[in-house]
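J.: This is the structure I have questions about; it appears just below.
The values are calculated or read from the model by the stated rules, or taken from the named source; none is laboratory data. Owing to the predicted nature of the structure, the values given are computational and were not obtained by experimental measurement. FYI the Cβ positions are ideal-geometry reconstructions off the backbone, even for glycines, and counts take in every protein chain you see.
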Amino acid sequence: MSIAAVYAFAQMQPAIIATSNLRRMPVFTQEKSIIESAIIIPCEFGKAELQLPPQMPDLSSVQITAIDLAFTDYPSSDDLIALNTKRIQNLFAKFPQLAINKNIEWNIVRQMNGAAREAAISMFHGFVIYSRPLQNDSTIKKDIGKLSTLLTPETTVVKKQHGFVAADTNLTKLRYETEEYTTVLKLPVTDALQMVGISLKEKSTYKNYDSLYVYLKPANDSTLKTTYKSPEDSTVIKVFDRMQWNDMLVVTDVTASMYPYTGQLLLWMKLHEDERRIKQFVFFNDGDNKAEDAKITGSTGGIYTTSSSVFEVVEELLFKTMNNGNGGATPENNTEALLKGTASCSSCGAVVMIADNGSRVSDMALLQQLQKPVHIILCGVHGNINPDYLEMAYKTGGSVHTAEEDLHFTMQLKEGAAVHLHGRTYIIANGKFRLQ
């Protein structure tokens, strides 16, 4: 597209954006993400000129995922579309590539605590631009290094605790010579079992008790305790623990700085090795660095799979998938990866996909070929839920999961029906979802 065409397009789009995706909230708050950075461009109250930061990053060197435009509710009688349209026009004039980027999530935020002029003047007005590093060999190498750090255990020396637990201390005194136990503690059941090294699977034995007595002998020996640092964002771990799926086929997007979430998958696997709830792993990178014009729907490739339950084998395959491709353009071949996964493991139970909310799905046309419900764990949710994943879960009879919420599609929805997730409402129209 020529510069002239871009400029003409930029003149049309701002008014549409300024009237779409409008949200009202008391005060604007910047979204936090572990895989995105924020660039703040203020505007003065009632003015459209941009106040660019002194060290303005090069927007052509990053992937822009979302843009918030915050303004205040003064005057309440004015929709302020003209002012916001001019602000967006100024942004496009300065950064024309933003005008033609259809993958940007726009949020227009009206701050309702700013209805009075005095209050409005002191509140934030302007843009917050959210970005990720463009993926290349250098960033992939850094991501793999960060992933390795996340999976490196920390070891500490702890004294061994020799002893046993009992539900009733009076009976215990009759059965044991308790004088040799120099410490007697009353603890909640979980804490008591952990103290003497009893598996929490035995917790059901004491289901009728709120607490247990712990009898401890003196101990001079010690042991090494292995722990892992808790991830800053634990979306994947929370959903796996909450849903209790079994015989899982887990299909994972490893492109575009997804390492914190793939790391959570491997960390969860490490912590639940004896359970073996995952039967098949599929990792995909959208084509092994294939040129965009060479990608064919259904045959894009860059998909790797294993049925191994050995941690080192799964970890090696993940690193191989990351090294072999960086994703290219934003839309990814999620459906192709799901189809390859279900074909490789017909006996798998729950089909789970760990997906990047910031990336559209390039092969939605293949959706009708999926024969099992798809349960989607969404990572990097900024504000809105990606409509492709709502549609995929709905049409397969699956579900969508964020760190704290679950949306299950168990029945056919009528035209115009609403669903709610992550503080947003989505309306179904012609089988697709749009933000209300």
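J.: May I ask you to list pairs of residues, at least six apart or on different chains, whose Cβ atoms are under 9 Å apart, with the first in the range 15-42 being more than 19 Å from Phe124 (Cα to Cα) and the second being of a type in the set (D, E, K, R) and assigned to a loop (DSSP other than H, G, I, E, B)?
T.: Hits for this filter: Thr19/Asp79; Ser33/Asp233; Ile34/Glu232; Ile34/Asp233; Ile35/Asp233.
J.: Surrounded by fewer than 20 Cβ atoms within 10 Å (Cβ to Cβ), at pLDDT 95 or above and charged (D, E, K, R): is that true of Lys432 in this structure?
T.: So Lys432 fails the test.
J.: Looking at the range 57-65, can you tell me whether even one residue there is modelled with pLDDT of 95 or more, outside any loop (DSSP other than H, G, I, E, B), crowded, with 17+ Cβ neighbours inside 10 Å and not aromatic (Phe, Trp, Tyr)?
T.: Looking for residues that are modelled with pLDDT of 95 or more, outside any loop (DSSP other than H, G, I, E, B), crowded, with 17+ Cβ neighbours inside 10 Å and not aromatic (Phe, Trp, Tyr), one finds none in the range 57-65, hence no.
J.: Turning to a different aspect of this structure: Please count how many residues of the range 81-105 are closer than 24 Å to Arg424 by Cβ and either surrounded by fewer than 18 Cβ atoms within 10 Å (Cβ to Cβ) or β-branched (Val, Ile, Thr) (or both).
T.: 7
J.: For the range 397-407: of the residues being in contact (Cβ under 8 Å) with a residue 24 or more places away in the chain and either outside the structural domain of Met353 (by TED's automatic domain parsing) or of a type in the set (A, V, I, L, M) (or both), which is surrounded by the most Cβ atoms within 10 Å (Cβ to Cβ)?
T.: Looking at residues that are in contact (Cβ under 8 Å) with a residue 24 or more places away in the chain and either outside the structural domain of Met353 (by TED's automatic domain parsing) or of a type in the set (A, V, I, L, M) (or both), I get Val400.
J.: Within the range 157-192, how many residues are surrounded by 14 or more Cβ atoms within 10 Å (Cβ to Cβ) and either at pLDDT 65 or above or of a type in the set (Phe, Trp, Tyr) (or both)?
T.: So the answer is 12.
J.: Please indicate, with yes or no, whether at least one residue in the range 408-427 is crowded, with 17+ Cβ neighbours inside 10 Å, at pLDDT below 95, in contact with a strand residue (DSSP E or B) (Cβ under 8 Å, 6 or more places away or on another chain) and within 20 Å of Ile34 (Cα to Cα).
T.: No; the residues of the range 408-427 include none that is crowded, with 17+ Cβ neighbours inside 10 Å, at pLDDT below 95, in contact with a strand residue (DSSP E or B) (Cβ under 8 Å, 6 or more places away or on another chain) and within 20 Å of Ile34 (Cα to Cα).
J.: Which of the numbered conditions does Asp286 fail, given that it passes all the others? Conditions: (1) out of contact with any Gly (no Cβ under 6 Å at 6 or more places or on another chain); (2) within 25 Å of Tyr130 (Cα to Cα).
T.: (1)
J.: Tell me whether the range 136-149 contains one or more residues that are of a type in the set (Asp, Glu), within 38 Å of the chain's Cα centre (by Cα) and modelled with pLDDT of 80 or more.
T.: yes
J.: Also, quick follow-up: Can you name every residue in the range 272-290 that is exposed (fewer than 13 other Cβ atoms within 10 Å of the Cβ) and in contact (Cβ under 8 Å) with a residue 24 or more places away in the chain?
T.: Scanning the range 272-290 gives Glu273, Arg276.
J.: Is the range 193-204 home to any residue that is surrounded by fewer than 13 Cβ atoms within 10 Å (Cβ to Cβ), modelled with pLDDT under 80 and farther than 27 Å from Asp274 by Cβ?
T.: Within the range 193-204, none of the residues are surrounded by fewer than 13 Cβ atoms within 10 Å (Cβ to Cβ), modelled with pLDDT under 80 and farther than 27 Å from Asp274 by Cβ.
J.: Look at Asn326 and say whether it is surrounded by 20 or more Cβ atoms within 10 Å (Cβ to Cβ), farther than 14 Å from Val361 by Cβ and polar (S, T, N, Q).
T.: Answer is yes for this residue.
J.: Please specify each residue of the range 291-301 satisfying the condition of being surrounded by fewer than 22 Cβ atoms within 10 Å (Cβ to Cβ) and on the phi < 0 side of the Ramachandran plot.
T.: Matches in the range 291-301: Ala291, Glu292, Asp293, Ala294, Lys295, Ile296, Thr297, Ser299.
J.: Could you grab me the full set of residues in the range 24-35 that are in a loop (DSSP other than H, G, I, E, B) and either among the basic types (Lys, Arg) or more than 16 Å from Ser234 (Cα to Cα) (or both)?
T.: Hits for the range 24-35 are Pro26, Val27, Phe28, Thr29, Gln30, Glu31, Lys32.
J.: Related question: In this structure, is Leu370 touching a helix residue (DSSP H, G or I) at 6+ places or on another chain (Cβ under 9 Å), closer than 26 Å to Asn384 by Cα, in the same structural domain as Val254 (by TED's automatic domain parsing) and surrounded by fewer than 20 Cβ atoms within 10 Å (Cβ to Cβ)?
T.: Here the answer is yes, as Leu370 does meet what is asked.
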